[in-house]
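As C-alpha cells, the structure follows; a few thoughts come after it.
The values are calculated or read from the model by the stated rules, or taken from the named source; none is laboratory data. All values reported here derive from a predicted model rather than from experimental measurement. No Cβ is skipped: glycine too gets one built from the backbone with ideal geometry, and neighbour counts run over all protein chains shown. With ligands, DNA and RNA removed, areas are computed over all heavy atoms of the protein, side chains included. Shrake-Rupley method; radii C 1.70, N 1.55, O 1.52, S 1.80 Å.
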Amino acid sequence: LPLDERLKRRIVDGERNGLEADLDTAMAEGRTPLSIINDLLLDGMKVVGELFGSGQMQLPFVLQSAEVMKTAVAYLEPHMEKTDDDGKGRIVLATVKGDVHDIGKNLVDIILSNNGYDVVNIGIKQPIAAILDAAEEHRADAIGMSGLLVKSTVIMKENLAEMAERGVAERWPVLLGGAALTRAYVEDDLRSIYPGQVHYARDAFEGLSLMDRVMA
Ligand code: B1M
C-alpha cells in the first residue's frame, strides 16, 4: 500500500507495529504532523466509526484503533510547530459526565497549547461541579466541553442550565465540541439557556479561532 493509505489502514486495523517508522517517513516526505493527523489518521477513525456503527467492528477493536491513534498523536506532537506567544488565556477542558471519548478533546488541548493558550485538561467523565471547581481554582478565562455521545449533548444542556443558575455566565464563555453536536443545536437550542457566550467548534482549529475571538 502507498504510505498515505497504509497510515490510514493502521488506524482501521489497530496495527501499531512499524507505526513510528511510517510517521517518520511521512514527515520526511514533507507532510506536517497536523496534516498527517487531519488528512490521514482521522480518515481512518471515521472508517472505524462507520464499521462500528454498522455492526461490522466490535468494541475491543475500536479500542485498539483508538490506542494506535493516541500513540500516533503522542509521537507527532513534539514535531508540531509552536508559536512563541504565551499566556493568551486559560481554558479548562473536559469530556462531560458519562462520556469516555477523549481523542478529540486531547487534540483541542494540543492545538490550543501550541498556540499560546494555557490548557487545564481535567480528563473524561467530568461532572459540571468538577469542571466549575477547576475553572475557579485555575482562574480560567473559558470552559471547553467535549462529548461524543448523543447523551452528552443533553448533559451539555444540563451543564449550561446549571451554570446559568450559578450566575457564572459573565465569567465563562463556553466552547462546545464533539461528533454528536451540531452547530444548529448549539446555536438554536443551547444558546438560549446560557446568558453568556456559547460557541460550537466543528474541529480543533475552529476551537482555536473561537478562543482567539473570545480572548480578543
Ligand atoms: Co465510541 N462511540 N463508544 N468509543 N466511538 C462513537 C462516538 C459512536 C458514534 C460510534 C458509532 O456508533 N458509530 C457511538 C455513539 C453513538 C451515540 O451516542 N448515538 C459510540 C458508542 C456507542 C460508544 C459506547 C457506548 C460503546 C459501548 O460501550 N457499547 C462506548 C461509550 C462509553 C462511554 O463514553 N461511556 C464507546 C467507547 C469507545 C472507545 C473507548 C472504544 C473509543 C474511545 C477511546 C477514547 O476516546 N479514548 C471509542 C471510539 C474511538 C469511537 C469513535 C469510533 C471515534 C471517536 C474519535 O476519537 N474520533 C466514534 C465514532 C464517531 O465519532 N463517529 C465513537 C476522532 C476524534 C478526533 O473526533 O472526538 O469528534 P472527535 O473530535 C473532533 C471534533 O468533534 C472536535 O475536534 C475534533 C477534530 O479536530 N471536537 C472539539 C471534539 N471535542 C471538541 C471540543 C472543543 C472543540 C472541538 O472545544 C471544547
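Give the residue, chosen from Ser113, Ser65, that is under 14 Å from the mean Cα position of the chain (by Cα), among the hydroxyl-bearing types (Ser, Thr, Tyr) and over 23 Å from Ala161 (Cβ atoms). Break it down into steps so the answer makes sense when it comes.
Details: Ser65 fails: under 14 Å from the mean Cα position of the chain (by Cα).
The conditions single out Ser113.
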Original post:
Among the residues of the stretch 6-46, which ones are in contact (Cβ under 8 Å) with a residue 40 or more places away in the chain and among the hydroxyl-bearing types (Ser, Thr, Tyr)?
Top reply: Thr32
Original post:
Limited to the stretch 86-104, what total is found for residues that are surrounded by 21 or more Cβ atoms within 10 Å (Cβ to Cβ) and out of contact with any strand residue (DSSP E or B) (no Cβ under 7 Å at 6 or more places or on another chain)?
Top reply: 1
Original post:
Looking at this structure, is Val120 β-branched (Val, Ile, Thr), more than 11 Å from the ligand (Cβ to nearest atom) and in contact with a His (Cβ under 9 Å, 6 or more places away or on another chain)?
Top reply: yes
Original post:
Looking only at helices (runs of 4 or more DSSP H) that fall completely inside the stretch 1-78, which ones have 2 or more residues that are open to solvent by less than 70 Å² (accessible area, probe 1.4 Å) and near the ligand (Cβ under 9 Å from one of its atoms)?
Top reply: 42-53, 59-76
Original post:
Residue check: is Lys82 open to solvent by 60 Å² or more (accessible area, probe 1.4 Å), of a type outside the set (A, V, I, L, M, F, W, C) and in a helix (DSSP H, G or I)?
Top reply: no
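Give the stretch 179-216 a look and list any residue that's more than 12 Å from the ligand (Cβ to nearest atom), outside any helix (DSSP H, G or I) and open to solvent by 30 Å² or more (accessible area, probe 1.4 Å), or say none. Can you show your working first?
If we filter the stretch 179-216 for residues that are more than 12 Å from the ligand (Cβ to nearest atom), which is where we start, we get 184-185, 187-197, 212-213, 215-216.
Retained after the next criterion (residues that are outside any helix (DSSP H, G or I)): 191-197, 216.
The answer is Arg191, Ser192, Ile193, Pro195, Gln197, Ala216.
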